[in-house]
Amino acid sequence: MFNQIFSSTKKWLSELSEFQSRVWVVHVKESRFKDESFVICEDNFKEHLEWMKRRDYTKEMLESVEQMKPSQVRVFKLSKAEHQLMRVK
């Protein structure tokens with residue numbers, strides 16, 4: 001019983017630290033002449049994926065971002081902009 005509780009707690013703490021240390025580089029391209037890049041670190045937010053939620057990512061987009069592993073890239077179309085996300089950490 002104790003081992004099971006310990007294992008569950010250990011897994012929960014591992015997932016928590018994973019969330020708090022996630023980092024993305026996001027490149028937002030609106031036109032050939034207008035683009036921006038951001039480094040998004042979840043340590044700077046109150047909830048996971050908050051930056052993406054503030055920019056109206058759909059539920060499907062958020063689920064896709066949530067599943068990203070380091071070095072993976074995802075591209076999304078939002079309004080007139082293209083968002084290229086790369087998970088760094």
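Sequentially through segment 55-72, phi angles give Karplus couplings (6.51, -1.76, 1.60; θ = phi - 60°) of 9, 6, 5, 6, 4, 5, 5, 4, 5, 5, 5, 4, 8, 5, 9, x, 6, 7 Hz, Gly and Pro residues having no value and appearing as x. From the backbone phi of segment 40-46, what are the Karplus-calculated ³J(HN,Hα) couplings (6.51 cos²θ - 1.76 cosθ + 1.60, θ = phi - 60°) in whole Hz, Gly and Pro given as x? Values, residue by residue: 10, 10, 5, 4, 8, 10, 7 Hz.
Grab the Cα-Cα distance for Arg54 and Glu36, subtract it from 0.36 nm times how many residues apart they are, and report the gain in nm with one decimal. Mind dumping the intermediate values first?
Values: separation 18, 0.36 × 18 = 6.48 nm, distance 1.65 nm.
Stretched out fully, the Arg54 to Glu36 stretch lengthens by 4.8 nm.
Neighbours of Lys46, meaning other residues whose beta-carbon lies under 13 angstrom from its beta-carbon, give a summed charge of -2 when Lys and Arg score +1 and Asp and Glu score -1. Size descriptors for segment 21-89: radius of gyration and Dmax over Cα atoms are 11.5, 34 Å.
Hey, which of these cross-link pairs are over 18 Å Cα-Cα: Lys29/Lys77; Lys29/Lys69; Lys53/Lys77? Don't skip to the answer; put the middle values down first.
On the way: Lys29/Lys77 10 Å; Lys29/Lys69 23 Å; Lys53/Lys77 14 Å.
Where the Cα-Cα span goes over 18 Å, the pairs concerned are Lys29/Lys69.
Bear in mind these aren't lab numbers, they're just calculated from the coordinates by the rules spelled out. Keep in mind the model is a prediction, meaning the values are calculated, not measured. Ideal geometry is used to build each Cβ from the backbone, glycine not excepted, and the neighbour counts take in all protein chains shown.
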